[in-house]
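Colleague: Encoded as structure tokens, here's the structure I'll be asking about.
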Amino acid sequence: QVQLVESGGGLVQAGDSLRLSCAASGRTFSTYTMGWFRQAPGKDREFVGMISGRGGITYFADSVKGRFTISRDNAKNTVYLQMNSLKPQDTAVYYCAASYRKYSPKASDYDYWGQGTQVTVSS
């Protein structure tokens, strides 16, 4: 069982940066691909990006590519989403998720989810 807790959300202006953190419980953190997803009001949850278990591979949605990065510290059981050049359309609840031994952008491939953290970008 893995428990995920996101933090770092807030209200920022367009063009600002924000870093989200996701702390995980458990002793096998490096065996999980960690993904970030988001859900805006009235919209489906969408994939943002993911990082492989040992952190060597990342992959991003086109909508955030070049602006967002993901990193992880397996010693601290934590994954980070660095968001730069934020836009109003980035406003959403952001979720981190853990996928055991699968490297996939599909939400259905993720086994554990955090409760989400709100990011609001004003214009």
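Colleague: May I ask you to verify whether Asp44 is under 17 Å from Val119 (Cα atoms) and over 14 Å from the mean Cα position of the chain (by Cα)?
Modeller: yes
Colleague: State yes or no: is Lys102 open to solvent by 30 Å² or more (accessible area, probe 1.4 Å) and modelled with pLDDT under 95?
Modeller: Against the criterion (open to solvent by 30 Å² or more (accessible area, probe 1.4 Å) and modelled with pLDDT under 95), Lys102 qualifies.
Colleague: Can you tell me how many residues in the stretch 37-88 are open to solvent by less than 60 Å² (accessible area, probe 1.4 Å), of a type in the set (Phe, Trp, Tyr) and under 16 Å from Asp109 (Cβ atoms)?
Modeller: Adding up the residues that qualify gives 2.
Colleague: When the residues of the stretch 97-118 are narrowed to those that are small (Gly, Ala, Ser) and within 18 Å of Ala61 (Cβ to Cβ), which ends up nearest to the chain's Cα centre (by Cα)?
Modeller: Filtering first and then ranking leaves Ala97.
Colleague: Identify, from the list Ser63, Ser21, Ser71, the residue that is touching a residue at least 40 places away in the same chain (Cβ under 8 Å) and either assigned to a loop (DSSP other than H, G, I, E, B) or out of contact with any Lys or Arg (no Cβ under 9 Å at 6 or more places or on another chain) (or both).
Modeller: On inspection, the qualifying residue turns out to be Ser21.
Colleague: Give the residue, chosen from Tyr94, Tyr32, that is touching a strand residue (DSSP E or B) at 6+ places or on another chain (Cβ under 8 Å), modelled with pLDDT of 95 or more and over 23 Å from Leu11 (Cβ atoms).
Modeller: Tyr32
The values are calculated or read from the model by the stated rules, or taken from the named source; none is laboratory data. Fair warning: this is a prediction, and the values are worked out from it, not measured in the lab. All Cβ positions, glycine included, derive from the backbone under ideal geometry; neighbour counts span all protein chains shown. These area figures cover heavy atoms from the full protein model, side chains too; ligands, DNA and RNA do not enter into them. Shrake-Rupley method; radii C 1.70, N 1.55, O 1.52, S 1.80 Å.
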